[in-house]
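Written out below as structure tokens is the structure these notes cover.
The values are calculated or read from the model by the stated rules, or taken from the named source; none is laboratory data. Computed from a predicted structure; not experimentally measured. Note: ideal-geometry Cβ built from the backbone for every residue, glycine included; neighbour counts use all protein chains shown.
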Amino acid sequence: MRENQKTHVRLGGLLAAAALCAASGIHAHASGSGDPVTASKWTLNTGANFISAPAHATPAHGATAVVRVTATAGATITLDTALPAGSYGPAGAGPFPQYVVVLRHDNSEEGNGKEGDWANISSVGGGNTVITLDADKLGASASANFGVGDIVEVVKRFSLEDFLGSGPTFANTLKVEADTDFNDATEDAAYILVGSSFANTLFYHSGALAPAGWYLDFGTDLGSGATYTFDPDQPIYVFREDAATDLTVAGTLQTYTLTHYLLAGITPVSTGFEKPAAIGISGLLESTGFTQDADFDSGTPDNIYTLVGTAFLNTLFYHNGALVPPAGWYVDFATLDNDFPLDGGKGFLSDNANAFAWRHLAP
């Protein structure tokens, strides 16, 4: 089995070489403003689409339940309400994380303002009330992010099957070919981005050479894709060969703050919301660790890059007003636009000097 070369090309090279092109990404259409349950519909275009699911699974305790943290210790938190019977730890070939705990309301005595923080569940015990969490993306433990009195949600991570489908439903979104070469170059495929590089390949095999189903990196059988999951704000690249088609994702809308864990350098990210989110009121500027621009030069992070296909479309940065007053968010070194929208359902790149948590306020 040979790998397609495009899985090893750095996006930076593609972006630098590509001319800015007409809009061809994915376009989200809100199904109802403020509606907690939605079916979001986009156009999945021919070629590259940098997309994410702006909907999430219904919380395990139910959409209206109020669940509080009663104790924290190291990597564990204890809830006042037992989780329904079931499996919440990692599963599948990875194994891959299946659930996250999200801090919905910071009601702890510490009042540390960490609404929107989330971490993957490692295991559940203690009569389904004691949850062991992985460290968050910046290495902080559960007890650092959650406190007694906090209101939390336990949420199933969106899976590959949830997002792009599987079996009979797969044909409604992407193309399944009768493979003869087990090669992503001859069919629709998805790619995981790490930094600005394609890191993993996902494609659906017809069953001609191996069992039908999703495959990771040409070797790992993911079956239906039900256990391969995504972070709440994780975008992926989907390449489509045929004409544009509709992609519909059903789920629960994110209606409160969602934390993006940004690493030093480039982090692929999406808002996690369905509605467009204005950059000026997103909470990014106020994030501890964010670097304001002083020289009106994108060579000095922090910058956000929006994309069309694999090409840069816009560069956003916050200038402190030292060279070009007034201070504010500038687009492409020309336009002051504090209301510039980060569209729901689309991915973008955040380029940062430091690692920090961006607690993205709900639009």
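In summary, Val67 fulfils each of the numbered conditions (1) within 28 Å of Thr267 (Cβ to Cβ); (2) buried (at least 21 other Cβ atoms within 10 Å of the Cβ) with the single exception of condition (1).
Looking at this structure, is Ala60 out of contact with any Leu (no Cβ under 7 Å at 6 or more places or on another chain) and touching a residue at least 60 places away in the same chain (Cβ under 8 Å)? No. The sole residue among Ala93, Ala73 that is farther than 25 Å from Gly272 by Cα, touching a residue at least 40 places away in the same chain (Cβ under 8 Å), surrounded by fewer than 21 Cβ atoms within 10 Å (Cβ to Cβ) and under 26 Å from the mean Cα position of the chain (by Cα) is Ala93. Checked against (1) in contact with a strand residue (DSSP E or B) (Cβ under 8 Å, 6 or more places away or on another chain); (2) more than 15 Å from Leu202 (Cβ to Cβ); (3) surrounded by fewer than 23 Cβ atoms within 10 Å (Cβ to Cβ); (4) of a type outside the set (D, E, K, R), Ser224 passes all but a single condition, namely (2). Screening region 132-160 for residues that are of a type in the set (A, V, I, L, M, F, W, C), in contact with a Gly (Cβ under 8 Å, 6 or more places away or on another chain) and not in a loop (DSSP other than H, G, I, E, B) and picking the one that is nearest to Val102 (Cα to Cα) gives Ala142. Among the residues making up region 182-203, those that are of a type in the set (Ser, Thr, Tyr) and not in a strand (DSSP E or B) are Thr186, Ser196. Looking across region 105-131, the residues that are surrounded by fewer than 20 Cβ atoms within 10 Å (Cβ to Cβ) and touching a strand residue (DSSP E or B) at 6+ places or on another chain (Cβ under 8 Å) come down to His105, Asn107, Ser108, Gly113, Ser122, Ser123, Gly125, Gly126, Thr129, Val130. Taking the conditions (1) crowded, with 21+ Cβ neighbours inside 10 Å; (2) touching a Gly at 6+ places or on another chain (Cβ under 9 Å) in turn, Ile304 satisfies each one other than (2). A count restricted to region 256-283 and to residues that are of a type in the set (Val, Ile, Thr) and in a strand (DSSP E or B) stands at 4. The residues in region 325-363 that are surrounded by 15 or more Cβ atoms within 10 Å (Cβ to Cβ), small (Gly, Ala, Ser), assigned to a loop (DSSP other than H, G, I, E, B) and touching a Ser or Thr at 6+ places or on another chain (Cβ under 8 Å) can be counted, and the count is 4. Looking only at residues of region 207-255 that are of a type in the set (Asp, Glu) and outside any loop (DSSP other than H, G, I, E, B), we find that the one that is farthest from His56 (Cα to Cα) is Asp221. Taken together, Ser298, Ser287 contain a single residue that is part of a loop (DSSP other than H, G, I, E, B), closer than 21 Å to Gly195 by Cα and modelled with pLDDT of 95 or more, which is Ser287.
For Thr78, state whether it is over 24 Å from Thr255 (Cβ atoms), without any contact (Cβ under 8 Å) to a residue 60 or more places away in the chain and touching a strand residue (DSSP E or B) at 6+ places or on another chain (Cβ under 7 Å). Yes, satisfied. Phe312 fulfils the conditions (1) modelled with pLDDT under 95; (2) assigned to a strand (DSSP E or B); (3) under 17 Å from the mean Cα position of the chain (by Cα) except for a single criterion, (3).
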